[in-house]
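The values are calculated or read from the model by the stated rules, or taken from the named source; none is laboratory data. Because the structure is a prediction, the values reported are computed rather than measured. No Cβ is skipped: glycine too gets one built from the backbone with ideal geometry, and neighbour counts run over all protein chains shown. Surface areas here come from the heavy atoms of the whole protein model, side chains and all, with no ligands, DNA or RNA. Shrake-Rupley method; radii C 1.70, N 1.55, O 1.52, S 1.80 Å.
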Amino acid sequence: MKRRLSAGNYLVLLCAFAFFVVPMIAAIEFSLRGDQGTTHGLSNYRWILAQEGFGANLFTSARLAAITAILVLLLMVPTIVYLHLGGARWKRIIEFICLVPLVVPVISYAMGVATAMPIFLQSTVYELSFLYVIVTMPYTYRALDVGLSSIPLLTLVEASKSAGATMRQTLVLVVMPSIRSAINGAIFLSVALALGEFTLAVLLHWDTFPTWINNVAQSNVLGAVSLSVFSLVGAWLVVLVVAVGPKSKHSDQNQEA
Amino acid sequence: MSNQHGISVNLQGVTKTYGTVVALNNFNLDIAPGELVALLGPSGCGKTTALRILAGLDTQHSGQILVDGKDIVGVPANKRNMGMVFQAYSLFPTMTVLENIAYGMRVRHISKEKQVARANELLELVGLQETGKRLSHQLSGGQQQRVALARALAIEPSVLLLDEPLSALDAQVRTQLRDEIKRIQTEVGTTTLFVTHDQEEAMAIADRVGVMRHGVLEQCASPQAVYLNPINVSVAKFVGAMNLLPAVVTTNNELEIYGQSVGWRNPDGLTARSGRALVRPEQLLLGSPTTDRPANAIVTNQTFLGPLTRISAKVMSDGNTLHVEMPSIEASDYPIGKNVVVTIQATSVLLDA
Ligand SMILES: Nc1ncnc2c1ncn2[C@@H]1O[C@H](COP(=O)(O)OP(=O)(O)OP(=O)(O)O)[C@@H](O)[C@H]1O
Ligand SMILES: [Mg+2]
């Protein structure tokens, strides 16, 4: 019963694919040029690695990404599970709150931090993670909400409870594994944002990987393109690690042992 | 692994309302140690509510719940040590069959070896040795419910709670698994509350059947007693098929039904002098008319039910249709269109005013 794709469908797919891929190929090609475009090689990438602060800033952003992802899961999973388990009357308001970051300009977060965030947080770069959690809420909320809607959550939670599990055990052992792909999605969204976010970092005067790219790219166009290819590939690697890495241990046991 | 002694359960005056709906109304139920009680009743009568309150998944507004003589009101569901099997498939989708069964032991931090040993033991008890490494979506519905039963038993529950565990299964699997649940329950001796709206299932499996209506337990007695001596009209009408025949109370306090006198009882304390008598299909006999007993009905239909045949007959005097059940081998004597004599063979029928 598989539907066959018509020639027209293929044409559309092909165009979309080309639209997506051609600029990337061009960028990769460009980033490999050296010496006024007469030779190809990895010289631009070597140049990146040689720039001062590459490792340190990348590491900062990676930590921010990890913390953002953890905070998102800690905050959003229990909240949305609660909404699905009888907290329905809060659903409208929480949904609304999660949409607000889409319409609030980033600059007002920066102002808000200065006036309202506890000083001990303001003094570390990790304050950015808290802001990133807020900025990603519209997306992570959707991803997790859809995931939880797709499983018989109430039955699973009650089965787990009556088997003797605490709510924490239920979340970790039953609920989170059942919505793995939604959780992967939320992690990916928050990591991607934390690795690429520029405005807040600049406004709050922190050095992160994106601000560092901005600085070093001023002086070297080829290097700047190489950097963006590098970031792109890096983001893909994160996707791969999140989606495939901690593979569910049963996916290869589908045939009976 | 059996806990042969079982544990007693008493629900006393339990009341639960949802808004204006009274789901349980001063509900009383005592279950003896090791007993299997089936709660039977029409949809919405509060069966699931009673079970969930016992499990701690819902909270009653008033009333006491004693398990082994101790009040467990306020004890959260995960501390009540009750095994539950749900109507909907409820296996954890990311765990194998064995992991599902071992789950209750895992969250209790019981050692891995013990978990595996006991999970295998239970898998054998429910007859699914071969499937331990499968995921739930690789099992049939009947197999999933067996695993759910094994999972519920794995924690050595003080009480086993089953909420229509068979209703999603087809007829054949249902009867088979029903008998198996009974066997396993007898073997492990766990006090069990089984909710169903299927009369046959309740009768077949239970030591006692509790018939519910509008949040009240109307009668809780052996299957035979509920069927043969229903405590009131509503239980009688709900359990098994009934003919409703016009009846009048005579001066010597018998019922007159189609010219015959029949003994009756009046548990509901009726004051009305006429109404409809409740007579089971097997309490009606058909015969051929004789000169003393002229025909009073005519056969209009025959339904073959296997060993029994249900014959419908139209009463000549008022046009009512009666249903009579008789062994199929005798049914050929009463073809459609035959004039017959209907005799009521009952001693203490109920009257519905
Ligand atoms: N969460 C709820 N909110 C509001 N009303 C409820 C809720 N749960 C049950 N009820 C109501 O309480 C009454 C008893 O429900 P219950 O689920 O116990 O019935 P039941 O006997 O199990 O029925 P069924 O055979 O259909 O499962 C019903 O009228 C139902 O509508
Ligand atoms: Mg129910």
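Things to note:
- Dipole size of chain A about its Cα centre, with +1 on Lys/Arg Cβ and -1 on Asp/Glu Cβ: approximately 800 debye, rounded to the nearest 20.
- Anisotropy class of segment B:1-97 from Cα gyration tensor, a/c 1.5 cut: oblate
- Cross-link check: pairs A:LYS91/B:LYS47; B:LYS182/B:LYS237; B:LYS133/B:LYS182; B:LYS47/B:LYS182; B:LYS237/B:LYS314 evaluated at a Cα-Cα cut-off of 24 Å; pairs beyond the cut-off: A:LYS91/B:LYS47; B:LYS182/B:LYS237; B:LYS133/B:LYS182.
- Solvent-accessible surface of the protein assembly as shown, averaged per residue with a 1.4 angstrom probe and all protein chains in place: 49 square angstrom.
- Over chain B: helical MRE at 222 nm, DSSP H runs n ≥ 4 each giving -39500 (n - 2.57), nearest 500: -7500 deg cm²/dmol
- Taking amide H as placed 1.01 Å from N in the peptide plane, the amide H of B:ARG134 sits under 5 Å from that of B:VAL97, B:LEU98, each at least 5 places away or on another chain.
- Accessible area per residue (1.4 Å probe, heavy atoms of protein chains only) ranks B:THR347, B:THR15 as B:THR347, B:THR15, with the largest value leading.
- Relative contact order, whole percent, for chain B stands at 17, derived from Cα pairs under 8 Å and 6 or more residues apart.
- With θ taken as phi - 60° and the Karplus curve 6.51 cos²θ - 1.76 cosθ + 1.60 applied, the whole-hertz 3J(HN,Hα) list for segment A:145-151 is 4, 4, x, 6, 5, 8, 10 Hz, x standing for glycine and proline.
- Look at the alpha carbon pairs under 8 Å that are at least 6 residues apart: their mean separation over the length of segment B:160-289 gives a relative contact order of 16 percent.
- Expressed as a whole percent, the accessible surface of chain B that belongs to carbon and sulfur atoms is 51, based on a 1.4 Å probe.
- Here the protein assembly as shown is treated with +1 on each Lys and Arg Cβ and -1 on each Asp and Glu Cβ, and its dipole about the Cα centre works out to around 860 debye.
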